[in-house]
1. Can you compute the charge dipole magnitude of the stretch 1-50 about its Cα centre, using +1 on each Lys and Arg Cβ and -1 on each Asp and Glu Cβ, nothing else charged? Give it in debye, rounded to the nearest 20.
2. Given a Förster distance of 41 Å, report the FRET efficiency between Leu223 and Val160 from their Cβ-Cβ distance, rounded to the nearest 0.05.
3. Report, in listed order, any pair from Lys193/Lys291; Lys61/Lys240; Lys240/Lys270 with a Cα-Cα distance greater than 31 Å.
4. Pull up all non-local amide H partners of Lys3: gap of 5 or more, or a different chain, and H-to-H distance under 5 Å with H placed in the peptide plane.
5. Could you run the Karplus curve 6.51 cos²θ - 1.76 cosθ + 1.60 with θ = phi - 60° over the stretch 82-93 and give me ³J(HN,Hα) per residue in whole Hz, x for Gly and Pro?
6. Can you tell me which of 32-44, 233-245, 252-264 comes out highest on packing, and rank the rest after it, using the mean Cβ neighbours within 10 Å?
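Rule-based calculations on the coordinates, nothing more; no lab input. These figures come from a predicted structure and were not determined experimentally. Cβ placement follows ideal geometry from the backbone for every residue including glycine, while neighbour counts extend to all protein chains displayed.
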Amino acid sequence: MIKSMTGYGKSQREMDGRMFQVEVRSINSKTLDLNLKLPSEFRELEPLFRTRIAAVMQRGKVECVLSVQQLADAAQAAAYHINTAQVERYWEDFHALTTNLLMKKWSGSLPEPAIVFTLPGVVVEDKEEVPTEAFKESILGTLDQAVALADASRQQEGEVLAKDFRMRVELIEDLLAQVEPFEQQRVPNIRQKMEKQLADLNLSVEIDRNRLEQEMIYYLEKLDITEEKVRLRKHCRYFKDTMDAEAAPGRKLGFIAQEMGREINTLGSKANEADIQKLVVRMKDELEKIKEQLANIL
């Protein structure tokens, strides 16, 4: 089964007046490159986040963001108290400041008493302590859902890539089959060309026809492409079998594609025939498109 390394998942849930939201994004990478963004109060969960994400995502550049938001209803219902000690300190500072200003004949108006309630540390929210385990389980459950959704999107894109791979490999096989008619005429053409070149030399010495035939056979054997065709067909079948049989075949398919490229290149270098070279160029084009997409699968 083929999975893409590009995926996205988001999950959220409410607990005790707060909304937990986890977003997971991933793109292709040779290894697992995990970037976590957690609020400082939940930093202790980072090892668990890494373990759970790595178990599913396996490879790719993954970004996971946890955000926590206070719900409006819960905020209205929250209890507060006034930090009277902080109020006294502010008023002492106000008194000292305004006294100095009045001595300098400052004519501005003094601040309203209510302004003190807008200053930091005066109005304090009473937060109820929530069991750590309860919060941890809620957050980790949200994480698992987000990771599962990201993995599902990877699988969905992987199915599209698998169809594309299969289509292109089968096209390479079809192009390879089209080599056959040109190959049948290739050897007689090469032989005829060599004999004509030899005749054009107009040598005065007698040529040993048996030795010439042996040399021609040796030369033509070096140009034989039968082994390359057989190996290329096997690699194409192996590519499709691996794609269907393995859970994360990305690296292995990359190696098989390299072997396919090696046989196609050798076939092209030994072809010595224009029509076969055209087919080889088309095979190379399809293989390059396969390689580009292989960089994005798990």
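1. 280 debye
2. The calculated FRET efficiency here is 0.50.
3. From Lys193/Lys291; Lys61/Lys240; Lys240/Lys270, over 31 Å: Lys193/Lys291.
4. Leu298
5. Rounded to whole hertz, the list is 8, 7, 5, 5, 5, 4, 4, 5, 4, 5, 4, 5.
6. Details: 32-44: 12.3, 233-245: 15.5, 252-264: 17.8.
Result, highest mean Cβ count within 10 Å first: 252-264, 233-245, 32-44.
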